[in-house]
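Bear in mind that the values in this text are calculations on the coordinates, not laboratory data. Please read all numbers here as calculations on a predicted model, not as lab measurements. Every residue, glycine among them, receives a Cβ derived from its backbone with ideal geometry; neighbour counts consider all protein chains shown.
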Amino acid sequence: MDDLSIDERNRRAAIVAEQGGILPYCEAFYIHSILYTANQCQQAFSRYRDASSSALPAEDLIATVQTAVGHAAALSRYFWPSRTNGKRLDNDSRLRKQRGERLRTSFQVTKRSPLFNRDLRNAWEHFDEKLDRYLLSTIAGDFFPTGILGNHSLADDPVGHVFKLLDTEAECLVLLNEKYFFGALRAEVDRVAAIATDAGRNGARLASADVGNLSTPPAAEP
């Protein structure tokens, strides 16, 4: 790709975008890439499940959730791609938009999917900025600067300031007093992985828009 000129890359991107964002012979690459990322997320959640029944420190348990969320964020970008800046590469954005729509249709992923909610992902990726603002606005009360295990209701205490808290029962992670429930995210990743696995076994082709044999029907767009 680096050997291509910007104009040639833009020309090719326009052709692929006009054909739905993914050429038929390229479908296998997206299917296997999605399956790999989903599997990595599943493995992280499995490590979390196994570790939550042991005596591991809170920081280690929180780290496993953070790893799983990071992989879920990467998975999400297949369906809702990042935008490309720069006028000369507008067709890159068109290609990504069409590719995202094609994959969302094939995997029956809508805006109601937990993968679309990026609050938890952004909380990790921009944690330093959130910490700056949090410490500027928080000047009194009881502080918990290290990771702890407990009930997420601790974050409801008006004088309590929770840095990192993991509620293993409710599958809730609290960061800077903000609650993020991740149980539904794990279930959605499992569903996507199952679809990718089936696609890989059936010629590595994406399902068409009228497929109706998936185990979980799609939710209507809001």
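So here's what we get for this one:
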item	result
Order of Glu59, Glu101 - criterion: other Cβ atoms within 10 Å of each residue's Cβ, fewest first	Glu59, Glu101
Charge-dipole axis of the chain as Lys and Arg at +1 and Asp and Glu at -1 on Cβ define it, positive-most pick from Ala17, Leu61, Ala196	Ala17
Debye, to nearest 20: dipole size of region 113-186, +1 on Lys, Arg Cβ, -1 on Asp, Glu Cβ	200 debye
Hull shadow area, averaged, region 120-180 [alpha-carbon convex hull, nm²]	3.9 nm²
Cut-off 20 Å, label 7 Å out along Cα→Cβ of Glu8, residues of region 87-123 by amide N	88-93, 95
Order of Ser93, Ser82 - criterion: other Cβ atoms within 10 Å of each residue's Cβ, fewest first	Ser82, Ser93
Alpha carbon convex hull of the chain, volume per residue in cubic angstrom	163 Å³
The chain: DSSP helices with Cα axial extent of at least 20 Å and average Kyte-Doolittle hydropathy no lower than 1.0	none
Under 5 Å, built H, 5+ apart or other chain: amide partners of Gly160	Asp142
Ranked packing of 61-71, 14-24, 179-189, most packed first, by mean Cβ within 10 Å	61-71, 179-189, 14-24
Proximal charge balance of Asn151 [Cβ under 13 Å; K/R count +1, D/E count -1]	-4
Residues Cys41, Cys26 arranged by fewest to most Cβ contacts within 10 Å	Cys26, Cys41
Rough spin-label spacing in nm, given labels placed 7 Å along Cα→Cβ, for Ser137 and Gln43	3.9 nm
Check: the chain dipole with +1 on Lys, Arg Cβ and -1 on Asp, Glu Cβ, in debye	920 debye
Cα gyration tensor, region 82-204 - rounded (a/c under 1.5), prolate or oblate	oblate
Residue-averaged 222 nm ellipticity for the chain, from DSSP H runs of 4+ at -39500 (n - 2.57), nearest 500	-17500 deg cm²/dmol
